[in-house]
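Worksheet: the structure to be examined is printed underneath.
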Amino acid sequence: MFFSGDPSTRKRVDLGGRSTKEGDARKLLEQTRMELFRGRRSTAIVRSKVRRDFCETYGDNCQNVDRHCFEPASSFLPQFLFFFKAQSSGDFVMLVETCRLLRKFAHSSGDILSLFSGLDYSSEHNMVDFRVKKLAFTCIEAIHQNSRDRLRDQLLVTPEESTISTAILMDAMSLLLDPKLPWVCKIVSYLQKRNIFKLVREIVTTAKEGSRSPTMNGSILSLESVLFLVVPHVGREPCCCPVVDPRWSFSSMILTIPFIWQLFPNLKVVFANPSLSQHYVHQMALCIQKDTHVLPIDTNTEFPGYACLLGNTLEIANVVLSQPECSLDMAIDIASVATFLLETLPPIKSSERESRHSSSEEDDDMLIDDVQELVLNRTLEQQITSNAIDSRFLLQLTNILFHQVSGGTQSYDEDKEALAIATGSSFLYAAFNILPLERIMTVLAYRTELVAVLWNYMKRCHENQKWSSMPSVLAYLPADSPGWLLPLVVFCPVYKHMLTIVDNEEFYERGKPLSLQDIRLLIIILKQALWQLLWVNPLTQHNSGKSVSNDLSKKNRVDLIQNRVGVVVAELLSQFQDWNNRQQFTSSTDFQADTVSEYFITQAIVEGTRASYILMQAPFLIPFTSRVKIFTTQLATARQSHGSEEIFAGNRFRIRRDHILDDAYNQMSALSEDDLRGPIRVTFVNELGVEEAGIDGGGIFKDFMEKITLAAFDVQYGLFKVRMPVALLIQETVDHMLYPNPGSGMIHGQHLQFFHFLGSLLAKAMFEGILVDLPFATFFLSKLKQKYNYLNDLPSLDPELYRHLIFLKRYKGDISDLELYFVILNNEYGERTEEELLPGGKDMRVTNKNVITFIHLVSNHRLNFQIRQQSSHFLRGFQQLIPREWIDMFNEHELQVLISGSADSLDIDDLRENTNYSGGYNAGHYVIDMFWEVMKSFSTENQKKFLKFVTGCSRGPLLGFKYLEPAFCIQRAGGSVSNEAVDRLPTSATCMNLLKLPPYQSKEQLATKLMYSISAEAGFDLS
């Protein structure tokens, strides 16, 4: 019943809660630590003893060493490599002396193999290989361990500096790494396993921080010599080295050093060997495909590793691509690596990029979240930029990548072709976003066949109804991405750039860069692609906000590309439409989408819908009449919101007909934007100072708007000039086109305020739906759309100057003989002035090399610079009432129609179909039949006079008389047919679009009385 036994044998319980197992583990750990300490202490003791024995045998400074000490039977190397510690100054001195002796014995005998192996290497090769690889690593490790103190200023030395410690150690490594020696792959493999490139990177980084600069006298650096011998070991015959972990490879560790080729220019030559560079670049490409992060951690934000790798890779690519042995696979790898690295960079700006006149840049900037901008070192930026946009590099890369495409009907590898097109397009797309755009475009447009090659590819795919799948070659594209996505993102901006210098003869007659037949097909392809992107398969969010962050995730990258394609395709189609407006080469309906429905039109008016986005991005897809309906709806909505009685009462003006412009400017120029939007009522005062009869219900104001615009834009007033009729090279005649007078400031002191007022006047006419007969020059209408004008717009200003510039462009002789300089002569009102087109232009002669620049600068000066102030103030006044987004729905040709209506004769049949009758008249009345016969017999000018007489405006509604409000009405006047009645003249009420027509008995009488009324110009006394 009771416990029996010895109580002293019971297990003790720890009252602190710890188990005996935990206690045993702690004891075991403590014992292990003690054993390690004893082991290290024991090893130190053994090393110390070996060092003493070594010194007794070979001397404290290796003074007793001879050539036999390196042989297998000697204990010299085993003992030394056993006790050597790099931090020990004594050991380091012995290592340097050992390497000095090695160099001495090798040079004296000329046979380093027998120095280490004796007479028979094959029997002793294991021991010999172990010793030489340990010795080689000990040399580089010793330099690395002492690089920050005793060797800080000795790291970048040449073999000629033979007394310097680092030169001696690296020369010994070079001797051991001689490619002819049987152990060389064993040494390199060992060095790579011990991360030699990481050690070299840290040595170089330390050296560049030091005070001593390398001696750049054409000699090869000792460290560079070592890399010569290590870098070629990539595991290919006859080399048997294993593949290195990419994290510690030459590419990751050495090519990420800033400006490595400046430090090791001779290594650059070695690395440029096609087989060698292809290995390393392909290794980088594989890492990118596998999304493997292998670059070292950045220690300097000015020199991030990926940027340094990009700069060094592009610099070597320039050499590699120029070699005949360079393969398509190599070009694809270079483009892939460069694309990936470019996409990690912040945008690089330059003077050429400051004036980018395309809306696409603004569009894509909105896709990027606000992040702290990374600023690269300026020299590093220049290295990347100068190599990436080097004309030879771009020419060589595109030629190699697109070589198969340009083969025409020859047999080709479809998959390889798709890969080349996709890779090349991805690289150029990345370059467009990051690098100075103008310089890239110039090279691609005028130095390569990129446009022709990509067009042949796209044309073949379209005709075969088979587009190669880009997703299969680029992993980040989704499976349903169309095959034209990447080619178009490059083709469109390059072609658009080409069109800025192409002249009319080249485009319409010479088929440069593409024939008109090809352009017609291209328009169809572009239209279909754009409609699919914007309506059929649109982005979930457009660039109306910051919807995409700046990381390079798969979804964000695709969204960016799709958005960019939508922008550049729309821009190119818009340019083609401009060329078609100058001289028609295809139907205007070719630019319109085939499936624009009424539902689409109703949606386009609603802000934030897909249809409204398309209306803003690609308005030409929608028929002109539909856009006019949208525009008139927007105007009607705006007018309704500003139609209160208070505004009506506060905006009544008394205007003298013979001082219409001065009175209007003095009374109306100070009106606020809200006042301008509200109703304005006018009372005219005739020459005698008497107010004219009539109450302004809208008709008098229409007359006022027509009269004041004619007065204000009259060339006699000096604010505008007129382009006289001149037959152009494209068989087009431009008649009396208006544009701002560059010398307006010489006539009017307040000319800019007047331009602001005139802008608001024109906007008020459009806002009220009043058409005015003001034919503006096309290049000036571009200013209302805030567009930049180019050479091909010059004929709308100065056809003679255009012809002279085209003569220079095609001049076959030496242009410098013409003694032209970068200056332009202005002649305003007899005052001749000379302006430089560039700083120092008066001393800069025009040559064959810079003539294109001269042509562009002259065009820019005439079309943009000379009238920049006048246009800017006019635009500010105009935008007080008409927002830019409303005007952007129309091109310049359509905008002129909005302002002035169609130049064609009035459609009398349309007017008759939309006419009401009252007072006893009806559509079949004999007086009405006579009236319409008389109207048809009138000339176009008299028909316009009649329309002005009854509506207050000489132009009909844009969409036809169906949209005239209120509808035109003919009312019987004078009661019965009597002499008193038929002697009366026809009168009108323009506010109601009403004609009061007596019942004349003959067509001749009706014609005579009507002609008198419409020609009397008696103000509104006949109304």
Among Gly919, Gly877, Gly841, Gly924, which is the only one that is surrounded by 19 or more Cβ atoms within 10 Å (Cβ to Cβ) and not polar (S, T, N, Q)?
-> Gly877
Name every residue in region 234-258 that is of a type outside the set (A, V, I, L, M, F, W, C), modelled with pLDDT of 90 or more and out of contact with any Phe, Trp or Tyr (no Cβ under 7 Å at 6 or more places or on another chain), in order of residue number.
-> Ser252, Thr256
Condition broken by Gly960, with the remaining ones in (1) modelled with pLDDT under 90; (2) open to solvent by less than 20 Å² (accessible area, probe 1.4 Å); (3) closer than 26 Å to Glu691 by Cα satisfied | (3)
Of the criteria (1) at pLDDT 90 or above; (2) in a helix (DSSP H, G or I), which one Lys27 fails | (1)
Qualifying positions in region 417-470 - of a type in the set (Ser, Thr, Tyr), open to solvent by less than 30 Å² (accessible area, probe 1.4 Å) and over 22 Å from Pro482 (Cβ atoms) | Thr448
By residue number, the members of region 56-104 that are assigned to a loop (DSSP other than H, G, I, E, B) and either closer than 21 Å to Tyr121 by Cα or in contact with a Gly (Cβ under 6 Å, 6 or more places away or on another chain) (or both) are Asp66, Glu71, Pro72, Ala73, Ser74, Ser75
Checking His497 against (1) part of a helix (DSSP H, G or I); (2) open to solvent by 30 Å² or more (accessible area, probe 1.4 Å), the condition it does not meet | (2)
Check whether at least one residue in region 739-748 is open to solvent by 50 Å² or more (accessible area, probe 1.4 Å), modelled with pLDDT of 80 or more and more than 25 Å from Thr951 (Cβ to Cβ), and report yes or no.
-> yes
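Determine which member of the set Val96, Val128 is β-branched (Val, Ile, Thr) and closer than 22 Å to Thr166 by Cα.
Val96
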Among helices (runs of 4 or more DSSP H) entirely inside region 801-920, those with 3 or more residues being among the polar types (S, T, N, Q) and within 30 Å of Ile747 (Cα to Cα) are 868-878
Search region 259-295 for residues being assigned to a loop (DSSP other than H, G, I, E, B) and open to solvent by 30 Å² or more (accessible area, probe 1.4 Å), and hand back the single one that is modelled with the highest pLDDT.
-> Phe259
Of the residues Tyr476, Tyr412, which is in contact with a Lys or Arg (Cβ under 8 Å, 6 or more places away or on another chain), modelled with pLDDT under 90 and either over 29 Å from Arg520 (Cβ atoms) or assigned to a loop (DSSP other than H, G, I, E, B) (or both)?
-> Tyr476
What tally of residues in region 964-1011 results from selecting those that are modelled with pLDDT under 90, open to solvent by 60 Å² or more (accessible area, probe 1.4 Å) and over 30 Å from Thr632 (Cα atoms)?
-> 7
Kindly list the number of the only condition in (1) under 26 Å from Thr632 (Cβ atoms); (2) at pLDDT below 85 that fails for Asp888.
-> (2)
With Glu831, Glu819, Glu768 as the choices, which residue is surrounded by fewer than 14 Cβ atoms within 10 Å (Cβ to Cβ), touching a residue at least 60 places away in the same chain (Cβ under 8 Å) and more than 29 Å from the chain's Cα centre (by Cα)?
-> Glu831
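Being acidic (Asp, Glu) and at pLDDT below 90 is the filter here, so list the residues in region 330-372 that pass it.
Matches in region 330-372: Glu343, Glu352, Glu354, Glu361, Glu362, Asp363, Asp364, Asp365, Asp369, Asp370.
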Residue in region 587-606 that is among the hydroxyl-bearing types (Ser, Thr, Tyr), open to solvent by less than 30 Å² (accessible area, probe 1.4 Å) and closer than 30 Å to Asp518 by Cα present | no
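Conditions (1) more than 19 Å from Asp60 (Cα to Cα); (2) more than 58 Å from the chain's Cα centre (by Cα); (3) surrounded by 15 or more Cβ atoms within 10 Å (Cβ to Cβ), marked per residue:
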| site | (1), (2), (3) |
| --- | --- |
| Phe82 | no, yes, yes |
| Gly90 | no, yes, no |
| Met94 | no, yes, yes |
| Thr98 | no, yes, yes |
| His107 | yes, yes, no |
| Ser123 | yes, yes, no |
| Val128 | yes, yes, yes |
| Lys134 | yes, no, yes |
Criterion (among the β-branched types (Val, Ile, Thr) and within 30 Å of Val490 (Cα to Cα)) met by exactly one of Thr625, Thr595, Thr637 | Thr595
Report, ordered by the first and then the second residue, all pairs with beta carbons closer than 6 Å, sequence separation of six or more or different chains, a first member in region 422-440 that is within 14 Å of Ala335 (Cβ to Cβ) and assigned to a helix (DSSP H, G or I), and a second member that is small (Gly, Ala, Ser) and open to solvent by 10 Å² or more (accessible area, probe 1.4 Å).
-> Thr423/Ser336
Quick check, is Val846 touching a residue at least 60 places away in the same chain (Cβ under 8 Å) and not acidic (Asp, Glu)?
-> no
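The values are calculated or read from the model by the stated rules, or taken from the named source; none is laboratory data. Not measured: the values here are computed from a predicted model. Cβ: placed from backbone, ideal geometry, glycine included. Neighbour counts: every protein chain shown. In case anyone asks, the SASA skips ligands and DNA or RNA and just uses the protein heavy atoms, side chains included. Shrake-Rupley method; radii C 1.70, N 1.55, O 1.52, S 1.80 Å.
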